[in-house]
Each structure stands twice: as C-alpha cells, then as structure tokens.
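The values are calculated or read from the model by the stated rules, or taken from the named source; none is laboratory data. Since the model is a prediction, treat every value here as computed from it, not as a measurement. Methodologically, a virtual Cβ is constructed for each residue, glycine included, from the backbone with ideal geometry; neighbour enumeration extends over all protein chains shown.
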Amino acid sequence: MSNKHKLIPKRRFKEFANADAWEQRKLGDITTFNKGKGYSKKDLVDNGRPIILYGRLYTDYQTLITKVDTFVAEVENSVISEGWEVIVPASGESAEDISRASVVAESGIILGGDLNIINKCSLLNPVFLALTISNGNQQKEMSKRAQGKSVVHLHNSDLKDINLVFPEIKEQLLIGEYFEKIDNLITLHQRKLYKLKILKSAYLSEIIPVEGELNPKRRFPGFAEDWEKKKVSDMFKVTRGQVLSMSLTSRIQDKTNKYPVYSSQTKDDGLMGYYSEYLFDTAITWTTDGANAGTVNYRKGKFFSTNVNGVLLSNDGYCNKAVSEILNLVAYKYVSKVGNPKLMNNVMEEIIISVPRDKNEMNIISDFLIAFDEKISFLQKKINKLEDLKKSYLNEMFV
C-alpha cells in the first residue's frame, strides 16, 4: 500500500519514522468554532485594545501572530482571543486568497468581523493546524468550498466539513516548531533587507541632487565641481526592445540561452528568463507601458529587452548605475496616466537631469550604489531559497 493511502507523509522526523499512520477526521468532529464580530479599518485608533482585522491575513500574513499594532476603542460584546485560536478569513477576492490560516498566540486581542475562529483543542497543535489547512490537500478542499464570484466567502460550516489528516500531538509540535524556525529566519532576513533598502534610499537623497538643484548635499572626497543639467537625448540614443515570445526563453541560464531577457515585470528585477540572442550591451532600460511605467534600471553586459522597455544607449560613459538611479527618481513624474500608463520615447528624450561633470565622480557613485544592490540581491536570494525550502518541506511533511 502506498504512503498516500496509508496517510503517511513522504518525509518525517526520524523519531517518528516507524510511528503509526496519521489519522483522518472531520475538523468539526474534534474542535469548536466561533466568529469574529464588528469593526472595520475606519474604527482604528492610535491607542486602545489591540485588534486583528481580516485584512491582516492578506497584507501581512504570518502563520503565527505574536504582535499586533492595530487598535480600536473596545465596544460591548466584542470577541476577545484567549490565545492559540486559529483564524481563517471569511471573505476574500479569490478562493486561493481565502484559503489561509493564522494562529493568534496572545490573549486579550479583539477578533474583528469576517474572521472564522477555530478554538484550541487537545488533539491539535494550533501551528500545525494553521499550516496544514493553509497548504496541500486541506487548502485545496477549502478553496473548493469557497463560494462567490467578485467576492468569495468561507463559513465555519465549510471548515467543519474539512477532512483533516494529523499525527499524534508530539509529532505535530515538532512540525510546528520546525516551520516556526524557518519563518523566523525568513523574517530576520526580510528585516535586514528592509533596513538595507531604507539605508540606500537615505544615501540616494544625500548623494543625488534634489530635482532643480545642481549639487548633492553630500560629495565623495576630492570632488567639488558643480554638476551639470543635461537632456536625456543629449546623452543617449533612445530606442526600444523587441517582441519576444516567453515560450522561446529558458527559465535557467545555459550554454545556448545565456543572455538575460528583461521585461516590464518587477519580480526578479525584471528578469523574464534567458535567450540565445542579445540586442544590447550595457544600457539603461525603462518600462514604457503598464503599472510599472517609468521604472528605470541599469543593465550591465549583453542582454535582450522586450518591447515594453525603452532603452538608452551611450558611447560617452552615461550608461551607468548613477545615471539610472538619478533618472529613476524623476521619470515617474513624466508618465502619462490617461488610460494605460505610458512613458514613451519622445517624452523620455526631453527629460532633464543633473549629472556629474567629472566621469570619475559618476563612476564612484555608481560603484557605491552597485555595492548596495549586490547586498540587497544577496539577501533577496537568501529569502527566496528559504521560501522555496519551506514550500518543498510543506509538500513533503504533510499528507
């Protein structure tokens, strides 16, 4: 008999390698339920009783909620947490969005309306429960039960009928602790990443002039000459990428598909994949159309750019990180918001920015900013690896 039919996960902790198969029961047979009550975003105040609104599970999702930074003035008959309840949104934009659960670790927190509440019980570790109904077969079952079109709904009556598969409590605890450690590592790196991005932004405001000014607030040693104002068309040849079907690209870089392909997406710094040909060699790109119109990036080395990117080319040393960041700070102001947002070539050509006269100063600023971006990229890759590891283990450690 296969592990699937025996209700045994692919991967178990070694102390449970020969333990019994997991048990399957309806969630409504082993625990009780409640419902949050009242309150919305307009009720939030600076000080008061802490509250969790259902929107938090979308904007700041955590498996284990230990801190709450939203408050309301408490009214009579509010639903207050006792600690270790599992909450599930009662409404959302899609069946996938709504199929998530979080543990409320602390007591004394108001649980707002549109939250289904699963009360704690002796057979289930809350963290394990939140993980298992947010992933795999239980999540799929929740998604199927979610009802509605423009807004989907999930009720406690739906949760009661979910077929929950679970081991004995000791194994649940170990699984919960393991994923808690991964989540803590992810959170730690996310905080470092956030601080690094804030620091970079602060430096940018110091080493790049405010729009309309010639000189920055802070200069690198040895440079005092005034910067100069230049029009984009005086520094660059302005062109555009070409249409490329995603089916022709490779997700991984290999000997054949060795050139990065950049598109208008924000994920992975615009990297869409890899292709066998390149169009440009070191340039500055910007997104011409859509929600990210006006986003400017420095592209080092040979690359292919899709047609939703404009491309700036220079033989005079202006294709560097410093100029791309200077331009990125102002380009969004020139985006046309009529219909689909656009920043076309003829508009980009007319933008005027302040740049260093001395190319050495320009290169030092570029090197400084590239070093920041390398640290940011390193941390982001660490986070991505941890998230992939978590996803892999979620698939293997649950039935």
Test result for Asp281, on the phi < 0 side of the Ramachandran plot, without any contact (Cβ under 8 Å) to a residue 60 or more places away in the chain and of a type in the set (Asp, Glu): yes
The range 239-278, residues that are without any contact (Cβ under 8 Å) to a residue 60 or more places away in the chain and of a type in the set (Gly, Ala, Ser): Ser245, Ser247, Ser250, Ser263, Ser264, Gly270, Gly273, Ser276
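Inspect all residues belonging to the range 246-259 and state whether any of them is surrounded by 17 or more Cβ atoms within 10 Å (Cβ to Cβ), among the aliphatic types (A, V, I, L, M) and either in contact with a Phe, Trp or Tyr (Cβ under 8 Å, 6 or more places away or on another chain) or modelled with pLDDT of 95 or more (or both).
Taking the range 246-259 and keeping what is surrounded by 17 or more Cβ atoms within 10 Å (Cβ to Cβ), we get 249, 257, 259.
Narrowing further to those that are among the aliphatic types (A, V, I, L, M): none.
No, every residue in the range 246-259 fails to be surrounded by 17 or more Cβ atoms within 10 Å (Cβ to Cβ), among the aliphatic types (A, V, I, L, M) and either in contact with a Phe, Trp or Tyr (Cβ under 8 Å, 6 or more places away or on another chain) or modelled with pLDDT of 95 or more (or both).
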Residues being at pLDDT 95 or above, among the basic types (Lys, Arg) and out of contact with any Ser or Thr (no Cβ under 7 Å at 6 or more places or on another chain) - total across the range 300-350: 2
Segments classed as strands (runs of 3 or more DSSP E), wholly inside the range 1-55, with at least 3 members that are over 26 Å from Thr132 (Cβ atoms): 49-52
Answer from Arg191, Arg218 - the residue that is surrounded by fewer than 18 Cβ atoms within 10 Å (Cβ to Cβ), in a loop (DSSP other than H, G, I, E, B) and assigned by TED's automatic domain parsing to the domain that holds Asn363: Arg218
Single condition Lys230 does not satisfy, out of (1) assigned to a strand (DSSP E or B); (2) surrounded by fewer than 15 Cβ atoms within 10 Å (Cβ to Cβ): (2)
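On the given criteria, is Tyr318 surrounded by 16 or more Cβ atoms within 10 Å (Cβ to Cβ), hydroxyl-bearing (Ser, Thr, Tyr) and in a loop (DSSP other than H, G, I, E, B)? Can you show your working first?
Numbers: surrounded by 16 or more Cβ atoms within 10 Å (Cβ to Cβ): yes; hydroxyl-bearing (Ser, Thr, Tyr): yes; in a loop (DSSP other than H, G, I, E, B): yes.
The answer is yes for Tyr318.
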